[in-house]
Amino acid sequence: MEIGEDVVAISYAHDSDEFNEKVVSFVSLLREKHGYNVVMDEYLKQEKTAVDFNEMMVSLIPNANKVIVLLTPKYKEKADSFQGGVGFEYRIILDEIEKYPQKYIFATFMSIDDETINKIKPAGLGNREILDISDIEQWDQLFSKLSDDPIIDFPDVAKTKTRPRKKMFVMTSIKRKRICSKMHGFCFVKTNKF
């Protein structure tokens, strides 16, 4: 398979059969229903009989337009210890993430709270956003990131800036009986200029 500009790669840790089937279903849904050219190792393994997984990841992750990283406790464990294919991919991710900030999308099938984040987020990711794709409301965020198409259309910046209203201070003389500075014999009167 040629890895073109529109390819979205999936990085994940092989876990239970149930989890692996969920990943395959997720990839199939993004391909079939939503029109994204999403590929994963299981997809690529079907194209060759003797796949070199490191070679596959070296060509897939760096050459993909986007990479969805599916975070789980097992992914964190393997990424933090740089074990196996996940560790290999995670090295590539850490090398690229600052250079290509729009490329990587971190997501999980788990409901997100502080405890979950601590269980699934590998060291080195900092405070990066993690999408909870078990929540259908977060799918618009996923599609926005995949397509580089913002959800909120902010207007262009106006050509001229609004400037503050000017204030002028005029010094006037006063009689010593008024409430002002008796010692200096004057006070300030403020006027507004628009």
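The values are calculated or read from the model by the stated rules, or taken from the named source; none is laboratory data. What you see is a predicted model, and the numbers here were worked out from it, not measured in a lab. Positions of Cβ are backbone-derived with ideal geometry, glycine not excepted, and every protein chain shown enters the neighbour counts. The accessibility values were calculated without ligands, DNA or RNA, using every heavy atom of the protein model including side chains. Shrake-Rupley method; radii C 1.70, N 1.55, O 1.52, S 1.80 Å.
At a glance:
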read-out: Odd one out for Val39, checked against (1) modelled with pLDDT under 90; (2) open to solvent by 10 Å² or more (accessible area, probe 1.4 Å); value: (2)
read-out: Trp139, sole failed condition from (1) open to solvent by less than 20 Å² (accessible area, probe 1.4 Å); (2) assigned to a helix (DSSP H, G or I); value: (1)
read-out: Candidate set: the stretch 94-136, residues that are β-branched (Val, Ile, Thr) and not in a strand (DSSP E or B); chosen: the one surrounded by the fewest Cβ atoms within 10 Å (Cβ to Cβ); value: Ile136
read-out: For Pro150: the one exception among (1) of a type outside the set (Asp, Glu); (2) at pLDDT 65 or above; (3) in contact with a Gly (Cβ under 9 Å, 6 or more places away or on another chain); value: (3)
